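*Asks:* Okay, handing you the structure first.
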């Protein structure tokens, strides 16, 4: 049964609720082996620090990361970034050193970490990479008055609510918010797209454009980094405007949503109903059917099956929320938005609270992501305890020889294997003969069996490279050929 705890607003701790001064924004971007932060790895990071007026302060950061012997990138990622094994061999840091440098920038007191699609990709890449390298994966996001932000939702909001003064490029008859297309349409010098440093400079220039053309909108959205500011906008069963990539470009990424209840297990998640969709299924269907349909892609629903209009709004991910008053008459006309339909759906849901309330706890009773047996992919399987966190800090500052010699009595079952892989990738000289054979076997398994969780296998890499080479440019084929040579060399070294 859904008790009061499912409906009550979460209590914010003092550090969350207090307004902390932010003094700089660190804009950053990764180039990676692929698109899955759980299994892929960073190959490059670039970052530029600005003040709150978006003036650069300090020199730019541009670092490369050498992948371990258990990692092969996706050929498509190689073709896009142009990063070669030669560049990484010459300039690449071991991942532990790389993430130490990244952490130092993002964890500097008063820093807001930001970028373009950072909340859903780059920040996740940061969390998993910090976790693998024995840093606290979350502390840099809030300690010392720190925060994070994402310009892509600012762009979506400007497009939906205040599009004046900005050119909105079209692709296949609808708007595209790809960074390189936006910069081109608005006369912003992007340099080489998908080069990390060029992408960061382009992101900052786009932020300046929005701040110049729509300063009130920009300032409002920058305040929503604070969970308390988001909470101030939320009233259960009171509709509000919400902007999200979950809403299609055809809908201008906008809907009016009705907050129904707080998530039964995640205190940072609010369950809302998308009033742009018919909520009748929420009233008519049982919880199991609703849950199954909720996690089924819309194009995979059977004919006649309507999508479930439920969505999670995470208050710690800078969600764009606003009162209905932001929708001016001209906005409703431009968006073809029928407020009368929304109000009717609000009344229908409000009158039927007893029907849907208990269903929510059942729908959200279980995790919505696939579990993994790989400790490196178990970041969200639970917080690391205080005792183990102190041991992790000791691991990071220990001399390499001490890592092998000292006993590390972890309580968390994930950490011993993480430590072995940390040593093997960053300090291979600390492995004895038995450990070297163990690492070699692990790399063999990772590069030959996709179930072992690596971004790619030797065979899959070769097949994808051959398919991609057909349509690749001459430069891209050269990049892919260099990676194929690297793959062949890696296979020979591992006896595969």
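The values are calculated or read from the model by the stated rules, or taken from the named source; none is laboratory data. Since the model is a prediction, treat every value here as computed from it, not as a measurement. Every residue, glycine as well, gets a Cβ built from its backbone with ideal geometry; the counts of neighbours run over all protein chains shown.
*Asks:* Considering only residues that are in contact with a strand residue (DSSP E or B) (Cβ under 9 Å, 6 or more places away or on another chain) and not in a helix (DSSP H, G or I), look in segment 325-338 and name the one that is modelled with the lowest pLDDT.
*Replies:* Checking each candidate, the answer is 337.
*Asks:* Okay, next question. Determine whether segment 170-187 contains at least one residue that is part of a helix (DSSP H, G or I) and closer than 19 Å to residue 26 by Cα.
*Replies:* Initial filter on segment 170-187 (part of a helix (DSSP H, G or I)): 179-185.
Going one step further and asking which of them are closer than 19 Å to residue 26 by Cα, we end up with 179.
Yes, segment 170-187 contains at least one residue that is part of a helix (DSSP H, G or I) and closer than 19 Å to residue 26 by Cα.
*Asks:* Okay, moving on. Taking the criterion of being in a loop (DSSP other than H, G, I, E, B), within 30 Å of residue 78 (Cβ to Cβ), out of contact with any strand residue (DSSP E or B) (no Cβ under 8 Å at 6 or more places or on another chain) and at pLDDT below 95, would at least one residue in segment 193-205 satisfy it?
*Replies:* Looking through segment 193-205, at least one residue is in a loop (DSSP other than H, G, I, E, B), within 30 Å of residue 78 (Cβ to Cβ), out of contact with any strand residue (DSSP E or B) (no Cβ under 8 Å at 6 or more places or on another chain) and at pLDDT below 95.
*Asks:* From the list 167, 124, 141, which one is modelled with pLDDT of 95 or more and touching a strand residue (DSSP E or B) at 6+ places or on another chain (Cβ under 8 Å)?
*Replies:* Numbers: 167 fails: touching a strand residue (DSSP E or B) at 6+ places or on another chain (Cβ under 8 Å); 124 fails: touching a strand residue (DSSP E or B) at 6+ places or on another chain (Cβ under 8 Å).
Sole residue among the options that is modelled with pLDDT of 95 or more and touching a strand residue (DSSP E or B) at 6+ places or on another chain (Cβ under 8 Å): 141.
*Asks:* Hey, another quick one. With respect to residue 367, determine if the residue is modelled with pLDDT under 95, surrounded by fewer than 12 Cβ atoms within 10 Å (Cβ to Cβ) and part of a loop (DSSP other than H, G, I, E, B).
*Replies:* Against the criterion (modelled with pLDDT under 95, surrounded by fewer than 12 Cβ atoms within 10 Å (Cβ to Cβ) and part of a loop (DSSP other than H, G, I, E, B)), residue 367 qualifies.
*Asks:* Further question: Can you name the condition, by its number, that residue 386 falls short on among (1) under 25 Å from residue 160 (Cβ atoms); (2) exposed (fewer than 15 other Cβ atoms within 10 Å of the Cβ)?
*Replies:* Every condition holds for residue 386 apart from (1).
*Asks:* Taking the criterion of being surrounded by 21 or more Cβ atoms within 10 Å (Cβ to Cβ) and not assigned by TED's automatic domain parsing to the domain that holds residue 473, would at least one residue in segment 174-181 satisfy it?
*Replies:* yes
Okay, residues lined up against (1) within 16 Å of the chain's Cα centre (by Cα); (2) in contact (Cβ under 8 Å) with a residue 60 or more places away in the chain:
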{"site": "129", "(1), (2)": "yes, yes"}
{"site": "136", "(1), (2)": "no, yes"}
{"site": "145", "(1), (2)": "no, yes"}
{"site": "183", "(1), (2)": "no, no"}
{"site": "205", "(1), (2)": "no, no"}
{"site": "217", "(1), (2)": "no, yes"}
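*Asks:* For segment 278-292, which residues satisfy the criterion of being touching a strand residue (DSSP E or B) at 6+ places or on another chain (Cβ under 8 Å) and part of a helix (DSSP H, G or I)? It would help to see each step written out before you state the result.
*Replies:* Looking only at segment 278-292, we keep the residues that are touching a strand residue (DSSP E or B) at 6+ places or on another chain (Cβ under 8 Å), and these are 279, 282, 290.
Hits for segment 278-292 are 282, 290.
*Asks:* Same structure again: Somewhere in segment 233-241, is a residue closer than 27 Å to residue 173 by Cβ, outside the structural domain of residue 29 (by TED's automatic domain parsing) and assigned to a strand (DSSP E or B)?
*Replies:* Looking for residues that are closer than 27 Å to residue 173 by Cβ, outside the structural domain of residue 29 (by TED's automatic domain parsing) and assigned to a strand (DSSP E or B), one finds at least one in segment 233-241, hence yes.
*Asks:* Which residue out of 269, 322, 261, 344 is modelled with pLDDT of 95 or more, within 22 Å of the chain's Cα centre (by Cα) and not assigned by TED's automatic domain parsing to the domain that holds residue 151?
*Replies:* On inspection, the qualifying residue turns out to be 269.
To keep it simple, each residue is scored yes or no on (1) more than 26 Å from residue 152 (Cα to Cα); (2) touching a residue at least 60 places away in the same chain (Cβ under 8 Å); (3) assigned to a helix (DSSP H, G or I); (4) not assigned by TED's automatic domain parsing to the domain that holds residue 449.
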| site | (1), (2), (3), (4) |
| --- | --- |
| 340 | yes, no, yes, yes |
| 355 | yes, yes, yes, yes |
| 358 | yes, yes, yes, yes |
| 383 | yes, no, no, no |
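*Asks:* Here is a further query. Check segment 299-321 and report whether any residue there is surrounded by fewer than 18 Cβ atoms within 10 Å (Cβ to Cβ) and touching a residue at least 60 places away in the same chain (Cβ under 8 Å).
*Replies:* Restricting attention to segment 299-321, the residues satisfying the condition of being surrounded by fewer than 18 Cβ atoms within 10 Å (Cβ to Cβ) are 299-307, 312, 314.
Now drop any that are not touching a residue at least 60 places away in the same chain (Cβ under 8 Å), which leaves none.
For segment 299-321, residues surrounded by fewer than 18 Cβ atoms within 10 Å (Cβ to Cβ) and touching a residue at least 60 places away in the same chain (Cβ under 8 Å): absent.
*Asks:* Another one. Can you find a residue that is buried (at least 24 other Cβ atoms within 10 Å of the Cβ), over 25 Å from residue 24 (Cβ atoms) and modelled with pLDDT of 95 or more anywhere in segment 81-96?
*Replies:* Yes.
*Asks:* So which residues in segment 436-453 are out of contact with any helix residue (DSSP H, G or I) (no Cβ under 8 Å at 6 or more places or on another chain), at pLDDT below 95 and assigned to a helix (DSSP H, G or I), if there are any at all?
*Replies:* Answer for segment 436-453, where residues must be out of contact with any helix residue (DSSP H, G or I) (no Cβ under 8 Å at 6 or more places or on another chain), at pLDDT below 95 and assigned to a helix (DSSP H, G or I): just 451.
*Asks:* Evaluate the following for residue 459: is it within 29 Å of the chain's Cα centre (by Cα) and without any contact (Cβ under 8 Å) to a residue 24 or more places away in the chain?
*Replies:* Yes, satisfied.
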